[in-house]
1. Please work out which residue is farthest from THR136 (Cα to Cα), limiting yourself to region 89-103 and to residues that are surrounded by 14 or more Cβ atoms within 10 Å (Cβ to Cβ) and in contact with a helix residue (DSSP H, G or I) (Cβ under 9 Å, 6 or more places away or on another chain).
2. Return the total of residues in region 98-115 being without any contact (Cβ under 8 Å) to a residue 12 or more places away in the chain and of a type in the set (Lys, Arg).
3. Just checking, how many residues over region 116-137 are without any contact (Cβ under 8 Å) to a residue 24 or more places away in the chain, part of a helix (DSSP H, G or I) and either surrounded by 12 or more Cβ atoms within 10 Å (Cβ to Cβ) or touching an Asp or Glu at 6+ places or on another chain (Cβ under 7 Å) (or both)?
4. For region 80-96, enumerate the residues that are hydroxyl-bearing (Ser, Thr, Tyr) and within 11 Å of ALA133 (Cβ to Cβ).
5. Mind listing whichever residues of region 75-103 are part of a loop (DSSP other than H, G, I, E, B) and over 20 Å from the mean Cα position of the chain (by Cα)?
6. Considering only residues that are farther than 13 Å from ILE63 by Cα, of a type in the set (Phe, Trp, Tyr) and either at pLDDT 85 or above or in contact with a Pro (Cβ under 6 Å, 6 or more places away or on another chain) (or both), which ones fall in region 100-158?
Amino acid sequence: MGLGRRLANHFRNSSLPSILAMSRRSQSKFSKSQPQSGPSQRQLRVGELVRHALAEMLSRGEIHDEVLARHVVTVPEVRMTPDLRLATVYVMPLGGKDIPAVLEALERHKRYIRGEVAHAVNLKFAPDVRFMADETFEEADRIDQLLASEKVRKDVEN
């Protein structure tokens, strides 16, 4: 019996269809059609780099604006899109006052901020920035109020 005939018999008797099915399953695991559960490591890392660059600009007073000069602005979070072309910057003035004025001042200087971020963070494309008010403090207060409510307190005691 020749080598070709032995190989043909081997593959005929082996579980080749099950091997092919296993390879198809492993390919579907990495398909792009499934939504990701959260941001990738790269998105998180680039978001942190953008956050640090922007926080440094604000703390040094590199953005010359009356409104920003009167407020200490914190940048608790920056979220990047998967293609890293859009950065959503969450900001909060210390004390939580004049949020609309601070957001408007940042929007006025968006082009300058984008350029400075592009110099600070080495990316193929400079991400476009959009500014949003950070609402985590209001959400934390709402949760505290819910936990302190009479209905929840009764559930915890029982």
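The values are calculated or read from the model by the stated rules, or taken from the named source; none is laboratory data. For clarity, every value in this text was computed on a predicted model and none was experimentally measured. Glycine gets a Cβ as well: all are built from the backbone with ideal geometry, and neighbour counts include every protein chain shown.
1. First pass over region 89-103, keeping only residues surrounded by 14 or more Cβ atoms within 10 Å (Cβ to Cβ): 89-93, 98-99, 101-103.
Narrowing further to those that are in contact with a helix residue (DSSP H, G or I) (Cβ under 9 Å, 6 or more places away or on another chain): 89-93, 98, 101-102.
Details: VAL89: 13, TYR90: 10, VAL91: 11, MET92: 10, PRO93: 13, ASP98: 17, ALA101: 19, VAL102: 17 Å.
Looking at the filtered set, the residue picked out is ALA101.
2. Matching residues across region 98-115 total 1.
3. 1
4. TYR90
5. Here is the first cut: in region 75-103, the ones part of a loop (DSSP other than H, G, I, E, B) are 81-85, 94-98.
Passing the criteria: LEU94, GLY95, GLY96, LYS97, ASP98.
6. PHE125, PHE131
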